[in-house]
Structure formats: C-alpha cells, structure tokens
Amino acid sequence: MASLKELVELYVEMENTSSHKKIVGLLTSFFRSLDPDDVRTAAYLVLGTVGPEYEDTELGIREKLAIRSIADAFGISRQKVEKTYSDTGDLGDAAFEFSSNKNSDLTIRDVMDCLTQIKNTSGEGSQQKKIELLAEILARASAMEAKYIMRITLGELRLGFGEQFVLSALAMAFTGDDKNTVYLEEAYNVCTDIGQLAESVSEYGLASIKRFSVKIGRPVRSMLAKRVDKFENLNDKFPEQMAAEEKYDGERIQVHIINENIQIFSRRLDNITDQFPDVVDAVKKHIKAEKAVLDGEVIAFRNENINSFQELMQRRRKYDVEEYVDKVPVVAYMFDIIYLNGKSYLKVPYPHRRTALEEHLEENEKIRLVERTVSADFNEIRSFFDRCIDKGLEGIIIKSVADNSFYQPGKRGWLWVKWKKEYAEDVRDTFDLIIVGFYSGKGKRQGLFGSLLCAVLNKEKNQYETFTRVGTGFTDQDLEEISELLNKKKIKKKPPNLVVEKEMVPDSYIDPSVVIEVLGSQVTESPHHTAGKNKSDKGYALRFPRFLRMRYDKGPLDVTTIEEVRNLL
Ligand code: AMP
C-alpha cells in the first residue's frame, strides 16, 4: 500500500520544478509504483482533491477550524498558530512548524479515509468532530506530511497544473505511450471522474475506457461550438442543409433525470440543482421520460423579456434561494438530449436527437425548446440571425444535420459553429481568457491590482500563452471582487504550463483557474506575448482589451484557444 511519505515526496519534487515534462515524468513513475487498489485514491490526491469534479469536495474546514485543529494536534495555543499564520500566510507552514514528528506510518488511503470522513460529517456538533478528526491525523503525520494534509484540507495544494498532466501520466504509466493521451482525454470528457478513469485504465487498459458512456448522475462535458471570422466561411462548413438555433446568453445546464430525482449540473460540472428549484419543478412536470439527460441554457427572463447574464448570476447562491426564484425568474431553453430511457444518444445524429427532445418535452412557460430554422440557404440563415439580434439575443449556433452529427462531449468542432453579434459588427471580438498573473495597482488602485496578465490555451502543446494585459473596464465592485480572488489564488512561482516573456513577468502569478471575458479590438503581432509563438517568431497580442465580466461558469479548458485566434487573422 502506498505510503503518504511517497506522495509527499512527489509533491515536494513537483513543487521544485517548472518543467512540464519533468512533472509528467514524476507522476508517471508514481502511478507505475502503485498497487492497483491505490490508483483511484492517488489520482484524486495528486490533484489535491478527494473526489470527482462533479461531487462537492469541500471539507467544510476554513482557517478558523484549521487553526483550532493545529493547536489541538500539537498541544499549543491558538494564538501561537495564528501568529505563524499571519507571518507566513500558509497554514501548511504552521502545521509543519509545530509538528515535531519525523516518522509516520500513514498511507494515502488513511488520508483519503480521514478527509472523506471530515467531508461527510454534518449536522449538530459536526464542527467539533471535524476538528477532532483533522487534529488526530495531523498528530500522526510527519511534519512534512502535516503541511500537505493541511493544504489539501483547505483546497490549497496549488501545484499549478491540472488534470491534463495527470491524463498524460496515466497514458504513459498504463499504456506505455504518450500518444494515447488523446483517448484518455476523450474518455475523460464522457466519464468526468478522474479516479474512475485512472482505475479502469490501470486495471483493464485502453479498451475499457473507450467504452465509457453516459451515466445518470455523472455529467459529461458539454459539447462546444467553434467560431468563424466571416459569415461567408460557413459555406465550406455546411455545404448542404444546416440548423440555426437561437443562442442565449445564460448559463449552460445539463439536466439528469431518474423519475422524480432531478439533478442539474453546470458547464464546470458543479451540481447546481439547489439553485434552481423552479427548473427542477418544471422538469418534473414537463419532461415525459423516466430517465433522461438533457442539455440546455437557463436565462433570466421576465414577462417575455430576456434579462442580462449579470442578473442571472444573482441566482448563484446558497441562501435566500426561494426569494430569488421570484426576484430573478428564469426559463430553461433545452436544445439537446444525450440519454433517454436506458440508451445513450451520444452517437445518434442531431436531427434524431432533436426529434426525441421534441417528443419528450412538453413546452410551457418555464421550460422550452430552443427555436431554430433548418435550411440550406444562407440568406435564410442570415435573416434568422437578424431576427435573433432584434430579439436581443447574442447570436446563433449553426448545427450540422449530417449523418455524423453526433454529440461530442467536451469537443469544440465544426459540427456546431457560433455566429455572434460582435463578429458581425466586424470591429470587436470577445475572448475568454485565463488570468495567469497580475501587476499591483498604484494611485487610486493602491492595494488592489493594476492590470491582469491573461492567456489563451495552446491545446496542442498543452500550455497557456500570454495574449494581453487587461487594465480597463472594471467597476469598483469588480476591482474588489477580483482583488480578493487574486489574493486567494496567488502562487509563488510560474505555473509549469505557462509560457511568458521576460518583459511580461507579473508581480505575482495566479493559479490558472479563473476565466474572464474580454472585449478587444484587434489582434496584432507582438514580441512581448507568447500566444502562438514558435521559436524566434513573434506572438499574437490583443490590443485595446477591456474587461467585460467574470466567467465563473467556464473552466481552465474552456478558454479561447490559439487555434481560434489564428482563425480570426
Ligand atoms: P461560447 O460560450 O461563446 O463559447 O458559446 C457556447 C455556449 O453558448 C454554450 O456553452 C451554451 O452555454 C450557449 N448556448 C446558448 N444557446 C445555445 C444553443 N442553442 N446551442 C448550444 N449552445 C448554446
């Protein structure tokens, strides 16, 4: 059984290198060394988590309880712990400092069991119970182990790499070939549980993960749309008929149904069922299927008028949910079905999926079918687009109706193409960028950030490349909200999957996990940015960027890719 000591040695080594290759190599050797029974646990713990993304992995321990646990574990006063915490800003360091233990016999399974127990402890007296459980394992751990247990508990492992590294390492460790990473990625888009994926590939090899399918209660990654730079370019993509659907500016939802049991997942795979009791109710009444998984968009909507995305974001809350059901009414517009009564519909072409959706959805004021037009005539598609814009929509999504128009989880391919108002106006474009660093603010922005260093994703190289520095467009509230977030996400060194020029090194790097939407006017070449840069070439940069809004609904793999930027040139 794998000892915790080995895992902690791996953390230390990974923390001490910025080399992407080396980190994958370290992970590969670690996975190879494990007993099959430990692979699942290890896959979660190397990512600093205790379960799949779509489960609530919050342990319910914040600074206050963590301080009490450290004090109890090592028999010291809370004040002492608080002092070290205020000096170092890291409770992991505090746990390390007060532990005098050199050796421990803890296994990775012990840690997983303990953290899972902490997570599952709820109700009356649960805080005290959580403190006791954490204190107990801290007391058993070596000083170095205590440091990392503390960081994982607080969700602050922050080694600066994501699942992509783990997928490459699993491919290397269990199939012996890095090229198989693509199959792992594909399987991971369907089975979004990294532990399950790791366990299957280690025990049964590649064939087993290629068979992954939709399972109710486990969200698949959403299919995405590509963009074109000119409307005329759609000609090549859709030589015959196509379907143009209204594109709504809201939040993506994936609705899982087993009889009366309804679960709703966001695009980031968070379980957001509790935020939308009104949608749950409508699904129960108006979806005529025992078991189904539907895809759609929820938007803020009042008296047949579409309200803004910002308004909808007020529904992101744990408290006063019922009050906001009335304050910010919504409508769920459904556009796809990917599972129905025991059968996966991933490999069913879009026209048949749409028919199945129409047959099982009873339209009413809370849950509706996305409106669309099907035609081979681009003039008709363009007038449909114009009507959408007049109605206040964002644009359209054009969908293939061909025999191979399957639902491709997590893919941004040519089966779906978006055409938005901004593209049509030809002057501006919006980009979803990841924050990778910030420069401190001066003058009025003293104590806040001055500007954000933002990057695009290079999918081929599996890295982030800087694209622009955003300093305008923020309201006072944005400035405060983002500064607070940056404080939480600060990391000491450059993330291993970021490429940055000397001139652009920020005052602090940020764990690449926060996505913002930015409006820009022009993409030009620049020696200072690394987007799309090959060896001595220049990179691309976005000029006159302006912050539009936070995209909490988007994750690190949802950001604009360098391929999309190139398509615009
Ligand atoms: P974007 O976020 O700009 O990449 O656009 C893709 C997003 O548009 C999807 O993730 C959905 O949340 C949203 N969307 C709105 N209407 C539709 C539709 N009819 N079909 C597919 N996606 C849609």
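The values are calculated or read from the model by the stated rules, or taken from the named source; none is laboratory data. Computed from a predicted model, the values in this text were never measured in an experiment. Ideal geometry is used to build each Cβ from the backbone, glycine not excepted, and the neighbour counts take in all protein chains shown. Areas reflect the complete protein model, heavy atoms only, side chains present, ligands, DNA and RNA absent. Shrake-Rupley method; radii C 1.70, N 1.55, O 1.52, S 1.80 Å.
Site pair Thr355 and Glu15 shows an inter-label distance of 5.9 nm when each label is modelled 7 Å from Cα along Cα→Cβ. Here r is the Cβ-Cβ distance between Ser208 and Lys318 and R0 is 22 Å; the resulting FRET efficiency, rounded to 0.05, is 0.05. Measuring between alpha carbons in the structure, the pairs from Lys5/Lys493; Lys421/Lys459; Lys22/Lys461; Lys22/Lys179; Lys226/Lys461 lying more than 22 angstrom apart are Lys5/Lys493; Lys421/Lys459. For segment 126-146, the residues whose amide N sits under 18 Å from a probe point set 7 Å from the Cα of Asp93 along the beta carbon direction are 143-146. With Cα atoms defining each centre, segment 393-462 and segment 171-188 are spaced 27 Å apart in the structure. Measuring with a 1.4 Å probe in the full set of protein chains, what accessible area per residue, in whole Å², belongs to the chain? Spelled out: the 1.4 Å probe surface of the chain, per residue, equals 45 Å².
Surface composition of segment 429-567: carbon plus sulfur atoms hold 48% of the accessible area, using a 1.4 angstrom probe and ignoring ligands, DNA and RNA. Taking a straight line from the alpha carbon of Lys444, these lysines sit under 25 Å away, with near neighbours fewer than eight places off in the same chain left out: Lys488, Lys489, Lys490. Scoring 111-123, 475-487, 398-410 by mean Cβ neighbours within 10 Å over their residues and listing the highest first yields 398-410, 111-123, 475-487.
Considering only alpha-carbon pairs that sit under 8 angstrom and 6 or more positions apart, the relative contact order computed for segment 224-425 is 32 percent.
What FRET efficiency would be calculated for the residue pair Asp326, Gln241, taking the C-beta separation as r and a Förster radius of 51 Å, to the nearest 0.05? It comes to 0.75. A protection proxy built from the mean count of other Cβ atoms within 10 Å ranks the segments 252-262, 11-21, most packed first, as 252-262, 11-21. Inter-part distance, segment 196-260 to segment 306-384, computed on C-alpha centroids, equals 15 Å. Per-residue extension of 0.36 nm, minus the Cα-Cα distance of Arg382 and Asn303, leaves a gain of 25.7 nm for this segment. Once both labels are positioned 7 Å from their Cα atoms along Cα-to-Cβ, the gap between Ser86 and His528 label points is 3.9 nm.
Count Lys and Arg as plus one, Asp and Glu as minus one, and take only other residues whose Cβ is under 9 Å from that of Ile131; the net charge is then +1.
As a fraction of the 1.4 Å probe accessible area of segment 268-309, surface on carbon and sulfur atoms comes out at 38 percent. A helix-only calculation puts the chain at -11000 deg cm²/dmol for mean residue ellipticity at 222 nm, using -39500 (n - 2.57) for each DSSP H run of at least four residues, averaged over all residues.
For the pair Asn259 and Gln477, the difference between a 0.36 nm per residue extended length and the Cα-Cα distance amounts to 74.2 nm. Ranked by solvent-accessible area (1.4 Å probe, protein heavy atoms only, all chains present), the residues Val505, Val514 order from largest to smallest as Val505, Val514. Between Arg549 and Ala143, full extension at 0.36 nm per residue minus the direct alpha carbon distance yields a gain of 141.9 nm. Of Lys366/Lys411; Lys420/Lys494; Lys399/Lys494; Lys247/Lys284; Lys237/Lys554, which sit over 31 Å apart, Cα to Cα? The answer is Lys420/Lys494; Lys399/Lys494. Let me make sure I get this right: for segment 224-425, a, b and c are the square roots of the gyration tensor eigenvalues over alpha carbons, sorted descending. Under 1.5 in a/c it's rounded, otherwise prolate if a/b > b/c, else oblate. Which is it? Since a/c reaches 1.5 but b/c is at least a/b, the shape of segment 224-425 is classed as oblate. A protection proxy built from the mean count of other Cβ atoms within 10 Å ranks the segments 173-184, 454-465, most packed first, as 454-465, 173-184.
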